[in-house]
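**Student:** The structure is given below, and queries will be raised subsequently.
The values are calculated or read from the model by the stated rules, or taken from the named source; none is laboratory data. Bear in mind that the values here come from a model prediction, so they are computed numbers and not experimental data. Counting neighbours? That spans all protein chains shown, and the Cβs are built from the backbone with ideal geometry, glycine included.
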Amino acid sequence: MHTTARWVSCAALAACAAPGSGAELSDAASYLSIRAPSVVLRHVEIIDGTGAAPRLDQTLVIAGERIAAVGPDAGTAIPAGALVRDYSGYAVLPGLVGMHDHLFYTASRDTQRNSPGGLEPGFVVNEIPYSAPRLYLAAGVTTLRTTGSIEPYADLKVRSRIEAGALPGPHLDLTAPYLEGAGTFFAQMHELQGPEEAGRFVDYWAATGMTSFKAYMNITRAELAAAAAAAHRHGLKITAHLCSVSWPEAIAAGIDDLEHGPVYTDSEFVANRRPDHCPESSAMNASWSPKSVADADVAGLIRTLVAHHVAVTSTLPVFELGVPARPPAQRRALEAMASAARDSYLTFRGLIDPANPTPAKLFRLEMDFERAFAAAGGLLLAGPDPTGAGGVLPGFGDQREIELLVEAGFTPLQAIQIGTQNGARFLGREQDIGTIAAGKRADLVLLRGDPAAHIEDLENVAVVFKDGQGYDPARLIEAVRGQVGIR
């Protein structure tokens, strides 16, 4: 293309995307259903996120961005001039704090696997900066950690636009690009060349405004230790989805959090394991299949995690995908997905072997581990990991994670606490979010029904309050119909 023609083409494209060319570039306010300086929610059930019993017939007062008061309806003063709404039959809980969320999605897993070129130059995922923030907010996620970035500059731009009020979405704790070693499966991941580079990598991304770090499957022990030390020098935390490094080795390296649970990521029990090398998934499965949480070595791992204050992030929805006879993706999820993403997910689901007992066994073992870890005093976090074979969507997956925690054996109130207060605590924001109390930020979810009795009512979101402003979930969901996976 001639230079002048190329410049004109680029200029025309920029003009199409310039501010002022479409409402969606500054449309956060267009999704509001409740917007007033002072809002009063009367006759609601309060589930405060602490694990305490629900409080019935309560009134909650929002003033600006904060909770001004919360208490029994009969004794709570209603400010003059406030917008008052009666919500009998509704429950209010803290905004969800998603601790393993992404702004990207695996849109075409099977399409890539089955193409003539295979996965060359590696598996590619799609950034979804338009649909993901809207879906998270619609589902009641008001704060999240991205837990790994594929397009970090896009993530930074999304956070900037959300905080400026131009884009609807949760408050974002942004994780830097993956700290990955040699041999990665993903085309979009950098491969570290040693511990010195790992330290420089952390220093660089901390300077850009990233607030969390995540190590990945092929990192070496030395690289992980260097990255953890660098993150801690910046006063930041590091988590990891591991394979080449075992969980005990990661604890020794100074890890703060471990993703997915050990059943799928801790290689310490693999026979003839080579340090700094990721075993085959079949070897990982074989090493955990005979285990029980009552085993001495598993109980010892739990004690070590708790003693070193290492959190564990539960991501049950992404593993549910591969378990035979589990519920399929809901209609709302299928309607939100782009056609290629939907076809890829349905293809994967159709190929699941119904006679294979191993996935269900490992899934139950992971649930049992998470129960035992929390019972021992461990800090369990919650997130869906909207990747895998598809079908786990932003926001909808966060709700499903809490439902699966109940299936694992937690009470609904405990599961909600894991998805709210625990995440806020890990992020160091428990004084501001994660529970309902006067003075805290008015990041709240108003639901039809009673999730303390029926956890599936968590999906009946009526209004999501973020910074005191009430967003319409139906409008947010409708805006992304057919978009997840491509936009």
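**Student:** Here is a list of conditions, (1) in contact (Cβ under 8 Å) with a residue 60 or more places away in the chain; (2) under 20 Å from Ser289 (Cβ atoms); (3) buried (at least 22 other Cβ atoms within 10 Å of the Cβ), and Ala299 meets all of them except one; can you say which number that is?
**Tutor:** (3)
**Student:** For Glu259, all conditions in the list (1) more than 19 Å from Ala311 (Cα to Cα); (2) touching a residue at least 60 places away in the same chain (Cβ under 8 Å); (3) of a type outside the set (S, T, N, Q) hold save one; what is the number of the exception?
**Tutor:** (1)
**Student:** In this structure, is Ala132 outside any strand (DSSP E or B), within 25 Å of Gln399 (Cβ to Cβ) and in contact with a strand residue (DSSP E or B) (Cβ under 8 Å, 6 or more places away or on another chain)? Please lay out each step first, then the result.
**Tutor:** Values: outside any strand (DSSP E or B): yes; within 25 Å of Gln399 (Cβ to Cβ): yes; in contact with a strand residue (DSSP E or B) (Cβ under 8 Å, 6 or more places away or on another chain): yes.
In short, yes.
**Student:** Something else: Before we move on, is Leu156 in a helix (DSSP H, G or I), closer than 28 Å to Ala311 by Cα and modelled with pLDDT of 95 or more? Steps first, answer last, please.
**Tutor:** Details: in a helix (DSSP H, G or I): yes; closer than 28 Å to Ala311 by Cα: yes; modelled with pLDDT of 95 or more: yes.
Yes: the conditions hold for Leu156.
**Student:** Another question about this same structure. Can you pull out the residues in the range 38-91 that are in a loop (DSSP other than H, G, I, E, B) and free of Cβ contacts under 8 Å to residues at least 40 places away in the same chain? So that I can check it myself, show each step before the final result.
**Tutor:** So the first thing to find is which residues in the range 38-91 are in a loop (DSSP other than H, G, I, E, B), and the list is 47-54, 64-65, 76-82, 87-89.
Passing the criteria: Thr76, Ala77, Ile78, Ala80.
**Student:** To continue, here is another question. Can you tell me which residues in the range 444-465 are closer than 13 Å to Gly395 by Cβ and surrounded by 24 or more Cβ atoms within 10 Å (Cβ to Cβ)?
**Tutor:** Matches in the range 444-465: Val445, Leu458, Val464.
**Student:** Looking at (1) under 28 Å from Arg55 (Cα atoms); (2) not in a helix (DSSP H, G or I), which is the one condition that is false for Ala355?
**Tutor:** It fails just one condition, (1).
**Student:** Checking the conditions here, which among Lys214, Lys237 is of a type in the set (Lys, Arg) and more than 19 Å from Tyr153 (Cβ to Cβ)?
**Tutor:** Working: Lys214 fails: more than 19 Å from Tyr153 (Cβ to Cβ).
Only one candidate qualifies: Lys237.
**Student:** Hey, could you check the range 11-35 for residues that are at pLDDT 95 or above and either assigned to a loop (DSSP other than H, G, I, E, B) or among the hydrophobic types (A, V, I, L, M, F, W, C) (or both) and say which is surrounded by the fewest Cβ atoms within 10 Å (Cβ to Cβ)?
**Tutor:** Step by step, filter the range 11-35, then rank; the result is Leu32.
**Student:** Any idea which residue in the range 314-366 is surrounded by the most Cβ atoms within 10 Å (Cβ to Cβ), counting only those that are under 29 Å from Ala474 (Cα atoms) and among the β-branched types (Val, Ile, Thr)?
**Tutor:** Here the residue is Thr315.
**Student:** Out of all the residues in the range 92-104, which are part of a loop (DSSP other than H, G, I, E, B) and either within 15 Å of Ile46 (Cα to Cα) or of a type outside the set (A, V, I, L, M, F, W, C) (or both)?
**Tutor:** Within the range 92-104, the subset part of a loop (DSSP other than H, G, I, E, B) is 95, 99-103.
Within the range 92-104, Gly95, His100, Asp101, His102 qualify.
**Student:** Please determine, by comparing only the residues of the range 262-275 that are in contact (Cβ under 8 Å) with a residue 60 or more places away in the chain and touching a helix residue (DSSP H, G or I) at 6+ places or on another chain (Cβ under 6 Å), which one is nearest to Ala311 (Cα to Cα). I'd like the intermediate steps shown before the answer.
**Tutor:** From the range 262-275, those in contact (Cβ under 8 Å) with a residue 60 or more places away in the chain are 262-264; that's our starting set.
Now restrict to residues that are touching a helix residue (DSSP H, G or I) at 6+ places or on another chain (Cβ under 6 Å): 262-263.
Details: Pro262: 12, Val263: 15 Å.
So, considering only residues that are in contact (Cβ under 8 Å) with a residue 60 or more places away in the chain and touching a helix residue (DSSP H, G or I) at 6+ places or on another chain (Cβ under 6 Å), the one nearest to Ala311 (Cα to Cα) is Pro262.
**Student:** Just to be sure I understand the filter: pairs with C-beta atoms under 6 Å, separated by 6 or more residues or on different chains, first member in the range 208-237 and in the same structural domain as Ala154 (by TED's automatic domain parsing), second member in a strand (DSSP E or B) and acidic (Asp, Glu). Which pairs pass?
**Tutor:** Matching pairs, first to second residue: Thr211/Asp173; Ser212/Asp173; Tyr216/Glu180; Asn218/Glu180.
**Student:** For the range 199-241, name all the residues that are closer than 23 Å to Asp266 by Cα, charged (D, E, K, R), surrounded by fewer than 24 Cβ atoms within 10 Å (Cβ to Cβ) and more than 19 Å from the chain's Cα centre (by Cα).
**Tutor:** The answer is Arg221, and nothing else.
**Student:** Going through the range 302-341 one residue at a time, which ones are of a type in the set (Lys, Arg) and free of Cβ contacts under 8 Å to residues at least 60 places away in the same chain? If you could, list the steps in order and put the result at the bottom.
**Tutor:** Start the filter on the range 302-341 by keeping residues that are of a type in the set (Lys, Arg), which leaves 303, 326, 331-332.
Those that are of a type in the set (Lys, Arg) and free of Cβ contacts under 8 Å to residues at least 60 places away in the same chain: Arg326, Arg331.
**Student:** Which residues, counting only those in the range 316-336, are touching a Gly at 6+ places or on another chain (Cβ under 6 Å) and over 18 Å from Thr358 (Cα atoms)?
**Tutor:** Step one: of the range 316-336, the residues touching a Gly at 6+ places or on another chain (Cβ under 6 Å) are 317-318, 321, 329.
Across the range 316-336, the qualifying residue is only Ala329.
**Student:** Tell me the residue from Ser244, Ser287, Ser267 that is of a type in the set (Ser, Thr, Tyr), surrounded by fewer than 21 Cβ atoms within 10 Å (Cβ to Cβ) and either in a loop (DSSP other than H, G, I, E, B) or at pLDDT 95 or above (or both), please. Spell out how you get there, then give the answer.
**Tutor:** On the way: Ser244 fails: surrounded by fewer than 21 Cβ atoms within 10 Å (Cβ to Cβ); Ser267 fails: surrounded by fewer than 21 Cβ atoms within 10 Å (Cβ to Cβ).
Checking each option against the conditions leaves just Ser287.
**Student:** To continue, here is another question. Taking the range 141-179, which residues are crowded, with 21+ Cβ neighbours inside 10 Å and of a type in the set (Ser, Thr, Tyr)?
**Tutor:** Thr142, Thr143, Thr146, Thr147, Ser149, Thr175, Tyr178
**Student:** Further question on the same structure: Among what's in the range 185-198 and is under 22 Å from the mean Cα position of the chain (by Cα) and surrounded by 15 or more Cβ atoms within 10 Å (Cβ to Cβ), pick the residue that is farthest from Asp276 (Cα to Cα).
**Tutor:** Going through the qualifying residues, I end up with Gln188.
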